[in-house]
Amino acid sequence: MAEVLVLVDHVDGEVKKVTTELLTAARRIGEPAAVWVGDGAEKGKAALAEFGAEKVYVAPAELNDYVVAPTAELLAKLAQDQGAAAVLVSATNSNKEIAGRAAVKLGSGVLTDVVDVTADVVTEHSIFGGATVTHGRVKAGVPVVAIRPNSVVPEAVSGAAAEESVSLDISDAAKGAKVVERVVVEQGERPELTEAAVVVSGGRGVGEGRFGVVEELADSLGAAVGASRAVVDSGWYPNQFQVGQTGKTVSPNLYVALGISGAIQHRAGMQTAKNIIAVNKDPEAPIFELADFGVVGDLHSVTPQLTEEINKRK
């Protein structure tokens, strides 16, 4: 069975949830082989094995000293050397650039913003804000696939995760853009937005300077906080918390939308949530078409009561 290379997303040795999703998708196609760039592989190897990685290729941290190009060279080299059936990466901005560069080097094609993939590498894409589903396939070469986070349900199955060190003579061209500084964004105690099981998001209806009601409900649920584009564009909340077509895609077990009308751009980023609760004073708001449970009312009256009741039941 041919290998399927999976580029690992990790922070300080902790494997991110999206990687477990990629490994699950990879098992449909062939034998999952994780590609770990940087330090911490020993710490993260158990998580990779838990989701079926049969092999873990570990590349030196030197590759991270440069912007995307060396990692693309590494993936292309491994795909050629191992006769890989496909290369899977998460559809983050940097990884989509890596995918494009790797596909060029392989003389193949790249499929981005994928929401599902079959055993013969036919990919599914949700476009126009989720209104249309399309399918794609690479005609020649090793397909390089960038899968959206939270699109595939991770399924655990044990793998060997045999570690193998790999090296790469980075080309001069790949060294053209070097990383000179990294800034860590303070995450706080709340879970990461794209990996949270519960997300509470606020929209324009929350009002300027009144986002505390969203945060208090989120904290009572142990949830991440999200925001609509209108909120971010107005400067009411930082843009790294934007959910939607031009923000982050989330697929939690529970999504609570407070004061969000439900424009198609926002729905594109959260419509795959397992359960959706909406609170909005407009009974005609589009979000109610998508919601499993809806409350028509003033969120500033409804939400504090909900928060209080949840805290009572803890």
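Rounded to the nearest 500, what is the chain's calculated 222 nm mean residue ellipticity when only DSSP H runs of at least 4 contribute -39500 (n - 2.57) each, over all residues?
Calculated from helices alone, the mean residue ellipticity at 222 nm is -8000 deg cm²/dmol.
Of the GluC sites (Glu not before Pro) in region 198-279, which ones lie in a loop per DSSP and count no more than 14 other C-beta atoms within 10 Å?
Glu208
If the reach is capped at under 18 angstrom between alpha carbons, list the lysines near Lys17, excluding any in the same chain fewer than eight residues apart.
Here the lysines satisfying the reach criterion relative to Lys17 are Lys43, Lys45, Lys96, Lys248, Lys274.
Put a dot 7 Å past each Cα toward the Cβ at Arg28 and Lys281; how far apart are the dots in nm?
My value for the distance between the label points is 4.4 nm.
Taking all protein chains as present, what is the carbon and sulfur share of the accessible area of region 1-124, in % to the nearest whole number, probe 1.4 Å?
Percent of accessible area from carbon and sulfur atoms in region 1-124: 47.
Under a point-charge model restricted to the Cβ atoms of Lys and Arg (+1) and Asp and Glu (-1), what is the dipole moment magnitude of region 31-159 relative to its Cα centre, in debye to the nearest 20?
Using only the charged Cβ atoms, the result is roughly 320 debye.
Where in region 88-174 are there trypsin sites (Lys or Arg not before Pro) that are in a DSSP coil and have at most 13 other Cβ atoms within 10 angstrom of their Cβ?
Arg137, Lys139
Straight distance only, please: which aspartates and glutamates reach the Cα of Lys105 with their own Cα at less than 12 Å, same-chain residues fewer than 8 apart left out?
The reachable aspartates and glutamates, counting only those whose Cα sits under 12 Å from Lys105, are Glu73.
With the cut-off at 36 Å, report for the chain the share of all Cα pairs above it, as a whole percent.
Roughly 24 percent, rounded to a whole number.
Just to confirm a number: summing +1 for Lys and Arg and -1 for Asp and Glu over residues other than Arg210 whose beta-carbon lies under 13 angstrom from that of Arg210, what do you get?
-3
In Å², what does the accessible area per residue of region 1-61 work out to with a 1.4 Å probe?
35
The values are calculated or read from the model by the stated rules, or taken from the named source; none is laboratory data. Please read all numbers here as calculations on a predicted model, not as lab measurements. Because the Cβ atoms are built from the backbone with ideal geometry, glycine has one as well, and the counts that use them run over all protein chains shown. Please note that ligands, DNA and RNA were not included when accessible areas were found on the heavy atoms of the full protein model with its side chains. Shrake-Rupley method; radii C 1.70, N 1.55, O 1.52, S 1.80 Å.
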